[in-house]
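The values are calculated or read from the model by the stated rules, or taken from the named source; none is laboratory data. All figures in this text were calculated on a predicted structure; none of them were measured in a lab. Cβ: placed from backbone, ideal geometry, glycine included. Neighbour counts: every protein chain shown.
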Amino acid sequence: MSNVIAICGTMGVGKSTLAAALRERISDSVIVAEDDFNPVFRHSLETVQEWWEQGADTGQIDLRQVVMEIRSSQQRGQTVLLETQFGRLHPLLRPLIDIQIWLQAPLDVAFARRTAQLADGWRRSPDTDMKRTAEWLHEYSLGYLRVSRSMLVWQQQTLPDQSDFQLNAAASSDQLLRQALTVLNLQQDELS
């Protein structure tokens, strides 16, 4: 088993879902989610747009804490399931990744999944202000059209070539897990 398995894809493609499913099947594994250390939503749309217009240098994204978490997990002998937007495109992550899996899904599917994921969180929250939520969703949708979509297209055009495997993320969660287990050469009964 490889030490660092990067799970890459656009927002809403199923990175978290696949990482969680693999975590249940790969003994002594840990999920390291890039967004836990440098979440995109902490940055204003203007900041993201400026980064994009200046050439989208992934090295400008501060992932030193992600690297520290990966190395700490490696020292404990754990397999790292790295949930990442850019994988090997980031210069600090590139030398650490043993296997990179690209999750491919149409952007409308990824957008719908991400919106449903957000809506589910709002629905479960007892103190959700619907006007504020609607305003945020409005800005999110406009931002997607103005900035995010072109970045996601760029990801879809660039990252598959950097990846060892490409999986059909438009499939169901169970089918996606089976694809991942197959490419990782794992049998479900071996891992439980």
Practice problem: Considering (1) without any contact (Cβ under 8 Å) to a residue 12 or more places away in the chain; (2) among the small types (Gly, Ala, Ser); (3) touching a Cys at 6+ places or on another chain (Cβ under 9 Å), say which one Ser72 fails and leave the rest. | Solution: (3)
Quiz item: Which of the residues spanning the range 167-186 are of a type in the set (S, T, N, Q) and surrounded by 14 or more Cβ atoms within 10 Å (Cβ to Cβ)?
Solution: Gln179
Exercise. Using the structure shown, decide if Asp164 is at pLDDT 75 or above, among the acidic types (Asp, Glu), surrounded by fewer than 12 Cβ atoms within 10 Å (Cβ to Cβ) and within 30 Å of Ser27 (Cα to Cα).
Key: no
Quiz item: Any residue at all in the range 11-24 that is β-branched (Val, Ile, Thr), in contact (Cβ under 8 Å) with a residue 24 or more places away in the chain and not in a loop (DSSP other than H, G, I, E, B)?
Solution: yes
Practice problem: Determine, yes or no, whether Thr158 is of a type in the set (S, T, N, Q), closer than 27 Å to Thr58 by Cα, at pLDDT 80 or above and in contact with a helix residue (DSSP H, G or I) (Cβ under 6 Å, 6 or more places away or on another chain). | Solution: no
Quiz prompt | Any chance Leu118 is under 30 Å from Ile70 (Cα atoms), at pLDDT below 80 and surrounded by 14 or more Cβ atoms within 10 Å (Cβ to Cβ) | solution = yes
Quiz item: What about Ser73, is it of a type in the set (Ser, Thr, Tyr), within 16 Å of Ala6 (Cα to Cα) and in contact with a Lys or Arg (Cβ under 9 Å, 6 or more places away or on another chain)?
Solution: no
Exercise. Scan the range 77-101 and report the pairs whose first residue is among the charged types (D, E, K, R) and whose second residue is in a loop (DSSP other than H, G, I, E, B), with Cβ atoms within less than 7 Å and a gap of 6+ or a chain change.
Key: Arg88/Ile97; Asp98/Ser2; Asp98/Asn3
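Residues of the range 58-87 being charged (D, E, K, R) and over 18 Å from the mean Cα position of the chain (by Cα), which ones?
Correct list: Arg71, Arg76.
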Quiz item: Within the range 31-39, is there a residue that is surrounded by 14 or more Cβ atoms within 10 Å (Cβ to Cβ), at negative phi and out of contact with any Asp or Glu (no Cβ under 9 Å at 6 or more places or on another chain)?
Solution: no
